[in-house]
Every structure is written in C-alpha cells, then in structure tokens.
Amino acid sequence: MPHKKYFLLINPWICDFTACDFWLKPLGLLYLAAILKKYTKWDIELLDCLDCGQVESKYNFRLRVRPDGRSNFYKEEVVKPEFFRHIPRKFSRYGLPLSQVVSKLDRMPPPEAVFITCTMTYWYPGVQTAVELVRKKFGQVPVILGGIYATLCPQHARNQSGADVVVEGQGENQILGIISEITGKEALRPESKDVYFSDFDSLPAPSYDLYKDNSVICLMTSRGCPLRCTYCASHLLCPQFEQRNPQKVVDEILQVKRDFNTSHLAFYDDALLINHERHLLKILEVLAGLKLGLRFHTPNGLHPRQIDRTTAFLLKKAGFESLFLSLETADRDLLAATGPKVLPEDLKKALDYLEESGFERSRVSVYLLVGHPAQKKDQVVESIRLVKRLGARPRLAYYSPVPGTSDWNSLVESGVLNSDSDPLLHNKLVFPYFWSQITPEDLEEIKREANS
Ligand code: SF4
C-alpha cells in the first residue's frame, strides 16, 4: 500500500556550551503546523529533537522535571567549533540522541517536504545536522528553513544550512505559496485559495496535539514589542506590535486545559504587560475566577514599571508562579543608552506590590544583562547587589550580539565583528573571550556574587 503523503516538521537540536528546557517549544512551527493541517490535504509529522521525554530507555537518561515544569536535556558532546578552541568548556548537542533520530528517520517513508525551524542564530549546527540526515535518508526532498536564524541571518542560512528555501520573517502568509510551488497545488485544499492572515488572531491555534505529552505548553498573547532596546531583535522578528483579543487568549487556554490537561503554561510574549489594563488584566480577571489549576510562567521577563497593585494581585490570583522581571542593569547611564524601559525604583515598587499580593520576594527572579559591550564588571556587580538588597533573586542574562540591532551595528562599525561574522559568535557565553570588557575571571566573580 502506498503511504499517505505527509510533511515532516523538525525542531532541531541545540548545539551549545549549555542548555536546559526553559519551557521551550517551537511555537512558530506549531502555528505553521496548524495552517498546514487546515489548508492542505496531507498529514503532518513532528520531529522535535528537543522533546527529551521521548528519549528511549536504552540511553539511561533520567528526565528531571522540576516542580515548575522546567527540565534537563539529554546531551552528547560534539567537537567544539574551531574558534572556540580556547574556551575551556565542553560543547554539546542537546536533545534526542543522534542514533535515536537516525533510527526514527529510517522507519519513516519519504515526506513530500521538510520544514525546519531554528531559534537562536548560533544554534544553526543543529539545523545542518538535521538537513544532512534528511538528505541522507530522503535524498532531494525539498527542505524549507524558517525561524529566527533564517530571518536574522538569511545569507548565512542560504549558504550554510543546506536548506533549499530560506523563509525570512513571519511564515504564515508565505507557507501556502511555497507548498503550491513545490506540489503544484496538489496538496492544497480549495479553501486555501486567497487565504491571508491579516493579524495574529486570524491564525489557527498552534498544533499542540502533535506532542504526546502536553503537560507544558507555551502561548503568546502578543507579538513583538513597541520599545526599541538597542540589543533586542524583537522589532526585527515582528515588525508590528500586535496584541490578541483577550477573550481569544482565554479560549485557547481553556482549550489546552480541556484537551491536554496541561499543568504549566509559559507566556512567550516579549512585552506581556504593555497596555496591561486593556490586555493582560482582561485575561487575568477571567483566569482568576476559573481556578483551572494551571501554573503560569513568564520566561521572557516582565516590565516592572507596569506592575501596579492590581496587576500584582491578579497575577497571583490567576496562578502565576515563576516570575521573571527585567531590570537589565541598575546603571542609569546604561539604561538610558540602551532603552529606558525601567528604572531601579520601578523594580522596588513592583516587588513591594508583588510581596503584598503573596509572592515571595526571594522567588522573584530579576534579569540582569551581562556582557553588553559598554558594561564593566563593577556595573554588573552593583546591579546584582541592588537586586539582592531588594530581596529578589538576580538572574544573569548573557548578552548576545544580534544582527540588525543598534548594538550589533556599533560592534560592526567599530570593527569588533564583521557584518558577516559566523553566527556562532552570537553565542551568549562567548563575550568574555572575544569583545567584552568583562574577562573570564570577571565573569566568575560576577557569578559568585549572583549565587552567594
Ligand atoms: S522591552 Fe524587552 S522586548 Fe521590548 S525592545 Fe526592550 S528588550 Fe526587547
């Protein structure tokens, strides 16, 4: 019997010095999966190389899931890229064992096309490995690459990833055209004709059903950010700041709870609290009355300036558990130069309100930037001390030079990086070895200060 035609969607491995599953899901790919399901006739298979709950028992891997839903990855050490030779750390491929993925591909019939995503630009070696395996097994099947790496480094992706098509930017209004070109409309349903997704809310809900285990799910209530911090690529990835209809967000949350009995939900928004009175608070007001037993997390950092008494109260009542706030630095000059979204006094007020509402201060994490080209060790240490004085937990957020940002342009203009530098150099852990005023020894001191 001929097999049913299908598209293969791949979320590749992370290749890095370190990685943990910080509620990571390939949300963009899951949105595209939903579009493929709705507007094409063919099946969909998801191969999420980061889904370590699926590691086979013969690999003796123990998935350690923390009470908040975060977990560890299986990892296999790989050869460190040549220009990281002098960095005294191991380099690994995080995610499913390579041999398990090879066996899985061996059991699959050839797909009609393969769609691959890639989150961080510097994780592209995972894409290369996935494309190599696909080529080895399926020959010249069309491979389409999208996601953050493809958007921020399109030329590199075209030259180095092995993909046939590199999709820049948001893919929802491109994917059906690509399929039409590949399959000559054979795959498309009649209702796909003239489909145009005019805004975020017009997309079908992400295809979480492609996972066996949906105890952890991620969700976005908005795309992009109206602010323009000099180190941030949010506006390059989502040129328009869009907020969804609060009721539709609530409906999606109710649906995942009903369909998958989800326990943890991570909000992936870059700017969850912007316009909070008419956006997030509307969502929280409903959730607070429902007692869903869901635990909410905010890995991308909340803007402390927007946390007033009502917001803090509703965050608690709705079931928010892991709170990450963004301060970035206590240095007012650096804040002014990089994006004055917050001041230390905003953080103090936010923590007061959160504590009043029942959050434990010591369990609220505050992101502090480390490694920005303008930063010196003492500025970071001062910021850590400020967060500690306020009773919260400092959490180091390492600087990554992201192509297209103002900071990136400055680094290129000053000759520190080339406009076509290898994306591996965007890795957030290599700054002390290449361009930062913070040395590896400084970084150790900073870490000690943060963890003491
Ligand atoms: S506020 Fe956050 S998301 Fe917005 S531009 Fe600044 S860093 Fe990016």
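The values are calculated or read from the model by the stated rules, or taken from the named source; none is laboratory data. Note that the structure is a prediction, hence the values are computed from the model and not measured. Ideal geometry is used to build each Cβ from the backbone, glycine not excepted, and the neighbour counts take in all protein chains shown. For the accessible areas, the whole protein counts, side chains as well, though only heavy atoms, and no ligand, DNA or RNA atoms are used. Shrake-Rupley method; radii C 1.70, N 1.55, O 1.52, S 1.80 Å.
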Accessible-area composition of the chain, carbon plus sulfur, in percent [1.4 Å probe]: 49
For Asp308, the net charge from surrounding residues (Cβ-Cβ under 10 Å; K, R +1; D, E -1) works out to +2
Could you tell me the ratio Rg/Rh of the range 6-192? Both radii from Cα atoms, Rh via Kirkwood. 0.97
Could you order peptides 49-60, 277-288 by the average number of other Cβ atoms within 10 Å of their residues, highest first? 277-288, 49-60
Can you give the three extents of the C-alpha atoms in the chain along their principal axes, from longest to shortest, in whole Å? 68, 55, 44
Quick check: pseudo-label points 7 Å beyond the Cα along Cα→Cβ at Lys317 and Arg448, how many nm apart are they? 4.7
Cα Rg over Rh - the range 254-345, Kirkwood: 1.03
Would you mind computing, in nm to one decimal, how far apart the modelled labels at Asp378 and Glu77 are, each placed 7 Å from Cα along Cα→Cβ? 4.0
Mind putting a number on the dipole of the range 6-192 about its Cα centre? Charges go on the C-beta only, +1 for Lys and Arg and -1 for Asp and Glu, and I need it in Debye to the nearest 20. 560
Excluding residues fewer than 8 places away in the same chain, name every one of the lysines whose C-alpha is closer than 28 Å to that of Lys4. Lys25, Lys37, Lys38, Lys41, Lys104, Lys136, Lys137, Lys185, Lys193, Lys212
Taking Cα pairs closer than 8 Å and at least 6 residues apart, the relative contact order of the chain in percent is 13
Would you count, across the range 214-451, every pair of lysines whose alpha carbons are under 15 angstrom apart, provided the pair is eight or more residues apart or spans two chains? 14
Based on the Kirkwood radius over alpha-carbon pairs, what is the Stokes-Einstein translational diffusion coefficient of the range 214-451 at 25 °C with 0.890 mPa s viscosity, in µm²/s? 130
Result for the chain: accessible area per residue, probe 1.4 angstrom, in square angstrom, of 44
Once fully extended, how much extra length lies between Thr310 and Ser103, figured as 0.36 nm per residue of separation less the alpha-carbon to alpha-carbon distance? 69.3 nm
Could you give the size of the charge dipole of the chain about its Cα centre, using +1 on the Cβ of each K and R and -1 on the Cβ of each D and E, expressed in debye and rounded to the nearest 20? 1100
